[in-house]
1. Net charge around M42, counting only other residues with Cβ within less than 13 Å of its Cβ (Lys, Arg = +1; Asp, Glu = -1)?
2. If R0 is 25 Å, what FRET efficiency do you get for V87 and Y113 from their C-beta distance, rounded to 0.05?
3. Quick one: net charge around A83, please, counting Lys, Arg +1 and Asp, Glu -1 for every other residue with C-beta under 12 Å from its C-beta.
4. When only alpha-carbon atoms are used, what values of Rg and Dmax, in angstrom, describe region 35-115?
5. Please give me the summed charge of the neighbours of S25: other residues whose Cβ is under 14 Å from its Cβ, Lys and Arg +1, Asp and Glu -1.
6. Could you tell me which GluC sites (Glu not before Pro) in region 85-121 are loop residues by DSSP with no more than 14 other beta carbons within 10 angstrom of their beta carbon?
7. Between R59 and R33, what is the label-point separation in nm under the 7 Å Cα-to-beta-carbon projection?
Amino acid sequence: MSEEFQDFTEPGEGAFLVSLKRNNSKIREDRARAIVEDAQIMYKREVEDLAIALKRLRREQDNMLDLSPTDADSLVLATDFDARAYVNKDLELGIRIRNYTIRLEIAKKRYAYLFGEELDIASK
């Protein structure tokens, strides 16, 4: 048996016996830690995913300002520009950005409340 595993058992007893002899509070603590760890990892991942989605939406909205279809010197012809479609898409993105911003702030506050630590995830 390797030295790293021997530290967790008493001489002459294997890890399986030691595990079976744990008291109820120790078993409950181990289960609670496992549950919290899983939930915390998933919550952090959700917050990170929201921050990434929000960055992508903002980038998409910013990219709408680039009206050069082929290169930096060309522009969309006035007759080819659909102002109504532009406005609709810009407003839709604005609404989605606002909703994601709200969700992200709520998720960060809930994470801090549930797990006792702040997440430093930039959304800009």
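1. Values: positive: K44, R45, R110; negative: E37, D38, E46, E48, D49.
My count for the surroundings of M42 gives -2.
2. Details: r = 39 Å, r/R0 = 1.56.
That pair, V87 with Y113, gives E of 0.05.
3. Working: positive: R84, K89; negative: D80, D82, D90.
The answer is -1.
4. Gyration radius and largest Cα-Cα distance of region 35-115: 18.3, 59 Å.
5. Values: positive: K21, R22, K26, R28, R31, R33; negative: E29, D30.
It works out to a net charge of +4.
6. Numbers: sites: E92, E105, E117, E118; in loops: E117, E118.
Those that pass, being in a loop and sparsely packed, are E117, E118.
7. Result for the modelled spin labels: 3.9 nm.
Just so you know, all these numbers are worked out from the coordinates, no wet-lab data involved. Everything quoted here is computed from the prediction, not taken from an experiment. Glycine also receives a Cβ, built like all others from the backbone with ideal geometry; neighbour counts cover every protein chain displayed.
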